[in-house]
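See below for the structure under consideration.
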Amino acid sequence: MNIVVVGAQWGDEGKGKLIDILSKDVDITVRYQGGNNAGHTVVVGDKEYIFHLIPSAILHRKKICVIGNGAVIDPKALLEEMDGLNRRNIKVSTQQLKISALAHVVMPYHRVLDGLREGKRKHKIGTTGRGIGPCYSDKVTRCGIRMIDLLNPRVLKAKLEDNLSEKNEIFTKVFHQDIFRFENIYNEYLAYGRRLKDYIGDTALFLNQEIDKKKTILFEGAQGTFLDIDFGTYPFVTSSNSIVGGVCTGSGVAPTKIDKAIAAVKAYTTRVGEGPFPTEFSTGLKEEIRTKGKEFGATTGRPRRCGWFDSVLVRYSVVINGISELAMMKLDVLDDLKKIKICTAYRYRGKIYKEFPLDFEVLSNAKPVYEEVDGWQTVTRGIRQYSQLPLNARRYIEKLEKLLKVRIKYISIGSKRDEIIKKY
Ligand code: IMO
Ligand code: MG
């Protein structure tokens, strides 16, 4: 069975924990898009791990992890992540990690450009500043540098020279910055190539050969559906296809080989960075939930914006990702609340919207229509059986299942590996 896990909201849904649980039953885990803008947290015993590029399944020894062609790789960040794991006695071998030769490389000028472009915008996106957008821009503009190029000094030289001749003009004339020197980058990136050489290969071929051998794959989505470059709240999105559709182009595995899509969804909603967020809390609840849910970005440390569960949004995710099961994360964060609201539609200029509106003006100004339910005001952390959950918690979950027209299979009630309830 080959499974995809995506985020149903704006990222940070708890994909890391879900993937950690699911990856123990598969042979291979694949990242298919995004870069080190992602931050996937896994808690094992009293140890916390935050993954940015490497699939979190690396914690399961002997499982193979792949970074597919759809991802963008900052080799400096990747090596730091590998070294960090090494220091914690998790050796990342070439048997265990495979990197697509076709994945695009995040260059130093991408990181700098990311910040400079943000600085010039009137309406900032609030990017993670990791150079993700500029790297994907170069990929689409056809001037990008790919991992395989780091292994061929002649190709790297030609591509880098071309890039710098254009980019240095932009840096000096548009942004009044210093230029990037060819020699420095060239030598630095050739050195990365030498270190990563044995990890780099044709991962599309590898994955398809493994599928033929009946090996099972888990595709690990980064970001969330509403950060998707096509279906998200554009332009306040990331630069890749974070929805299930990204799997095929981002890994070279055909849709006919994918059996199931699961989405991680938070029991409420959060968002880092700018952009529309109809159910965002305006009151003290924002602080309360942020503190209880430890809602600070795993990559940038920024405080996350928090709000009520938005079923209009998540229903749209279920549809475009073909979700057959949801994993509801962080239910325990709502334990103390007396009343809980669920957004079931939006209102704008007297009109009711039951479907996710595509007009940016509507989405930005939409007022949520809420249904209010009673909270359970009971600690749920120790519970392992669905039937043991407080009645009002079960009512909340079942109400969401009705609204979303999909089953909620897993319910997470804490950050540890075993703090999860399997509903069926
Ligand atoms: P995980 O995988 C939450 C957000 C940024 C910003 C927008 C664009 O941990 O869920 P980018 O640097 O990608 O160009 O920024 O996307 N963003 C995330 N928010 N979780 C993430 O990843 C994110 N990756 C990007 O905050 O609003
Ligand atoms: Mg994150």
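Among the residues of region 6-26, is there at least one that is part of a strand (DSSP E or B), in the same structural domain as THR238 (by TED's automatic domain parsing), surrounded by fewer than 23 Cβ atoms within 10 Å (Cβ to Cβ) and away from ligand 2 (no atom under 16 Å from the Cβ)? No, every residue in region 6-26 fails to be part of a strand (DSSP E or B), in the same structural domain as THR238 (by TED's automatic domain parsing), surrounded by fewer than 23 Cβ atoms within 10 Å (Cβ to Cβ) and away from ligand 2 (no atom under 16 Å from the Cβ). Of the strands (runs of 3 or more DSSP E) contained entirely in region 291-393, those carrying at least 3 residues that are closer than 17 Å to THR279 by Cβ and outside the structural domain of VAL244 (by TED's automatic domain parsing) fall at 305-307, 339-348, 367-374. Scanning region 323-377 for residues that are within 29 Å of SER242 (Cα to Cα) and among the small types (Gly, Ala, Ser) returns SER324, ALA327, ALA345, SER364, ALA366. Residues in region 374-395 that are under 15 Å from ALA267 (Cα atoms) and in contact with a strand residue (DSSP E or B) (Cβ under 6 Å, 6 or more places away or on another chain): GLY375, ASN392.
Checking each residue in region 27-40 for being more than 19 Å from LEU326 (Cα to Cα) and either surrounded by fewer than 24 Cβ atoms within 10 Å (Cβ to Cβ) or within 11 Å of ligand 1 (Cβ to nearest atom) (or both) picks out ASP27, ILE28, ARG31, GLN33, GLY34, GLY35, ASN36, ASN37, ALA38, GLY39. The residues on offer are THR249, THR283, THR256, and the sole one that is more than 13 Å from ligand 1 (Cβ to nearest atom), without any contact (Cβ under 8 Å) to a residue 24 or more places away in the chain and outside any loop (DSSP other than H, G, I, E, B) is THR256.
Against the list (1) of a type in the set (A, V, I, L, M); (2) touching a helix residue (DSSP H, G or I) at 6+ places or on another chain (Cβ under 6 Å); (3) closer than 19 Å to LEU285 by Cβ, the condition LEU403 fails is (3). Checked against (1) away from ligand 2 (no atom under 16 Å from the Cβ); (2) in a loop (DSSP other than H, G, I, E, B); (3) out of contact with any Ser or Thr (no Cβ under 8 Å at 6 or more places or on another chain), ILE54 passes all but condition (1).
Report whether or not ILE132 is in contact (Cβ under 8 Å) with a residue 12 or more places away in the chain, more than 16 Å from ligand 2 (Cβ to nearest atom) and buried (at least 18 other Cβ atoms within 10 Å of the Cβ). It is false that ILE132 is in contact (Cβ under 8 Å) with a residue 12 or more places away in the chain, more than 16 Å from ligand 2 (Cβ to nearest atom) and buried (at least 18 other Cβ atoms within 10 Å of the Cβ). Pairing residues of region 53-82 that are among the small types (Gly, Ala, Ser) with residues that are open to solvent by 30 Å² or more (accessible area, probe 1.4 Å) and in a loop (DSSP other than H, G, I, E, B), at Cβ distances under 6 Å and at least 6 apart in sequence or on separate chains, gives ALA57/LYS63.
Considering only residues of region 99-138 that are out of contact with any Ser or Thr (no Cβ under 9 Å at 6 or more places or on another chain) and part of a helix (DSSP H, G or I), which is nearest to ligand 1 (Cβ to nearest atom)? If we take residues in region 99-138 being out of contact with any Ser or Thr (no Cβ under 9 Å at 6 or more places or on another chain) and part of a helix (DSSP H, G or I), then ARG111 is nearest to ligand 1 (Cβ to nearest atom).
Among the candidates ARG315, ARG304, the residue that is under 19 Å from the mean Cα position of the chain (by Cα), within 16 Å of ligand 2 (Cβ to nearest atom) and surrounded by 18 or more Cβ atoms within 10 Å (Cβ to Cβ) is uniquely ARG304. Against the numbered list (1) assigned to a loop (DSSP other than H, G, I, E, B); (2) within 10 Å of ligand 1 (Cβ to nearest atom); (3) open to solvent by less than 40 Å² (accessible area, probe 1.4 Å), PRO235 comes up short only at (3). Just a yes or no: is a residue in region 326-345 open to solvent by 10 Å² or more (accessible area, probe 1.4 Å) and of a type in the set (Gly, Ala, Ser)? No, the conditions are met nowhere in region 326-345. Could you check, for region 84-99, whether at least one of its residues is open to solvent by 20 Å² or more (accessible area, probe 1.4 Å), touching a helix residue (DSSP H, G or I) at 6+ places or on another chain (Cβ under 6 Å) and not charged (D, E, K, R)? Within region 84-99 (the criterion being open to solvent by 20 Å² or more (accessible area, probe 1.4 Å), touching a helix residue (DSSP H, G or I) at 6+ places or on another chain (Cβ under 6 Å) and not charged (D, E, K, R)), the answer is yes, since at least one residue qualifies.
Quick grid of which residues meet (1) in the same structural domain as ASP149 (by TED's automatic domain parsing); (2) farther than 21 Å from ASP202 by Cβ; (3) more than 15 Å from ligand 1 (Cβ to nearest atom); (4) not in a loop (DSSP other than H, G, I, E, B):
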site: ILE50; (1), (2), (3), (4): no, yes, no, yes
site: CYS65; (1), (2), (3), (4): no, no, yes, yes
site: VAL72; (1), (2), (3), (4): no, no, no, yes
site: LEU78; (1), (2), (3), (4): no, no, yes, yes
site: ILE90; (1), (2), (3), (4): no, yes, yes, no
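Within region 203-223, being assigned to a helix (DSSP H, G or I) and open to solvent by less than 80 Å² (accessible area, probe 1.4 Å) holds for THR203, ALA204, PHE206, LEU207, ASN208, GLU210, ILE211. Between THR270, THR238, THR225, THR249, the distinction of being of a type in the set (Val, Ile, Thr) and either away from ligand 2 (no atom under 16 Å from the Cβ) or modelled with pLDDT under 95 (or both) belongs to THR249 only.
The values are calculated or read from the model by the stated rules, or taken from the named source; none is laboratory data. All values derive from a computational prediction rather than experimental measurement. Reconstructed Cβ throughout: ideal geometry from the backbone, glycine too, with neighbour counts over all protein chains shown. Heavy atoms of the whole protein, side chains included, go into the accessibility calculation; ligands, DNA and RNA do not. Shrake-Rupley method; radii C 1.70, N 1.55, O 1.52, S 1.80 Å.
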